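Below you'll find the structure, written out as structure tokens, and then a few comments.
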Amino acid sequence: MRTGSEGEDRPVLLALRALKLGDLLVAVPALRGLRRAFPDHRLVLATSGWLAPIVRLVGGIDELMAVHGLDDPLPVPPGLVDVAVNLHGNGPESRGRLEALVPRRRMGHLAPGWEGPPWLDDIHERERWARLVRWHGVPADASDLQLLPPGLPSPAEGAVVVHVGAFYGARHWPEERFARVVAALRAQGRRVVLSGGAEDRARAELVAAAAGLPAEENLAGQLPLEGFAALIAAAAAVISVDTGAAHLASAYRRPSVVLFGPAAPEHWGPPSEGPHIVLTDAARRRGEVFAAEPDPALLAVQPEDVLEAFATLPPPGPASVPAP
């Protein structure tokens, strides 16, 4: 992190959110509020280094400090940080990493040595972090979640993006069901492309083969992160389980059908006022986020459910751009 000796003499506000893509995107409203409330501070976000392309699209973040979770102390000398904000959680590990910085001011949830609002379990994650900074006097709106336009062109502008990936098996909707959705949409004359990470490539190949999708329309594992954002930003619609693709669809106001399994849409779902439809069966939810097998709430969703929901989506409007 830059210091005054390197020509940077602004006070430092450091926010900790060392998690994954969806976790970053639900914290955007809080980060926007912090940027507006501390215009003279250097805003440093301590998060996963691979998220750098998306951090740039948040706008107003002066520096990304690449960290690997909470494994190691934050590489900042004590006393350099003016304001430390815990957007990571409220456990002793995250609090301890920030306490070690000896900041002038701490912003977090109520905990030993910390003032703040009490932690609530039954609350949407976007509202959780907006509520946190509001308690500390920082205006923040949970609906302020849009990203800046990506700097790359879409590799498939106007296509329906079917995202087959998910980090844990609990969110893996079966390949044959994805394939039935893809085949049906293509029969309607729609262009469909598959997306996912490198670890999802094998699943995507199974989906493509079963649906008769040309190999060049399988983009899983082929795009850099900003290219993936560009794909979602210019999509006609997005079909995805509850993962980063769904959060990007919300950020760019792309019509979406989102399939939920172990997590509750009330906590992680898209905005209710947007062009988004959630499919799940809460009565069957097991809720084991890190399980290897798909959650029953996800398996309750059939291809016919997805196609019926897709048919009711409005046509996509232009992706709006947040104010600076």
- request: Answer yes if at least one residue in region 172-179 is surrounded by fewer than 17 Cβ atoms within 10 Å (Cβ to Cβ) and without any contact (Cβ under 8 Å) to a residue 60 or more places away in the chain, and no otherwise.
  value: yes
Screening D200, D242 for residues that are among the charged types (D, E, K, R) and touching a strand residue (DSSP E or B) at 6+ places or on another chain (Cβ under 8 Å) leaves only D242
Here the residues within region 12-47 that are touching a strand residue (DSSP E or B) at 6+ places or on another chain (Cβ under 9 Å) and closer than 19 Å to D242 by Cβ are R17, L19, D23, L24, A27
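Out of the residues in region 118-142 that are among the aliphatic types (A, V, I, L, M) and surrounded by fewer than 18 Cβ atoms within 10 Å (Cβ to Cβ), which is nearest to P270 (Cα to Cα)? So that I can check it myself, show each step before the final result.
Pass one, region 118-142, residues among the aliphatic types (A, V, I, L, M): 120, 123, 130, 132-133, 138, 140, 142.
Next, only the ones that are surrounded by fewer than 18 Cβ atoms within 10 Å (Cβ to Cβ) stay: 120, 123.
Values: L120: 19, I123: 13 Å.
Of everything passing the filter in region 118-142, I123 is nearest to P270 (Cα to Cα).
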Expected output for region 143-163 (first residue over 16 Å from V193 (Cβ atoms), partner of a type in the set (A, V, I, L, M) and part of a loop (DSSP other than H, G, I, E, B), Cβ below 6 Å, 6+ apart or cross-chain) is none
Across region 195-207, the tally of residues that are in contact (Cβ under 8 Å) with a residue 24 or more places away in the chain, crowded, with 16+ Cβ neighbours inside 10 Å, under 17 Å from L225 (Cβ atoms) and of a type outside the set (G, A, S) stands at 1
Practice prompt. Assess whether L225 counts as being surrounded by fewer than 24 Cβ atoms within 10 Å (Cβ to Cβ), under 15 Å from the mean Cα position of the chain (by Cα) and within 25 Å of I61 (Cβ to Cβ).
Written response: yes
Filtering region 143-159 for residues that are in contact with a Leu (Cβ under 7 Å, 6 or more places away or on another chain) and surrounded by fewer than 23 Cβ atoms within 10 Å (Cβ to Cβ) leaves a count of 4
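Which residues, counting only those in region 78-107, are part of a loop (DSSP other than H, G, I, E, B), touching a residue at least 60 places away in the same chain (Cβ under 8 Å) and farther than 19 Å from A130 by Cα?
The initial filter retains those residues of region 78-107 that are part of a loop (DSSP other than H, G, I, E, B), namely 78-80, 87-91, 100-104.
Going one step further and asking which of them are touching a residue at least 60 places away in the same chain (Cβ under 8 Å), we end up with 80, 87-88, 101, 103.
L80, L101, P103, listed by residue number.
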Q.
One residue is enough: does region 61-69 have a residue meeting the conditions among the acidic types (D, E) and not in a strand (DSSP E or B)?
A. yes
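None of the figures in this text is laboratory data; all of them are computed from the coordinates on show. Note that the coordinates shown come from a computational prediction; the quantities given were computed from them, not determined experimentally. Don't worry about glycine lacking a Cβ; one is built from the backbone with ideal geometry, like all the others, and counts go over all protein chains shown.
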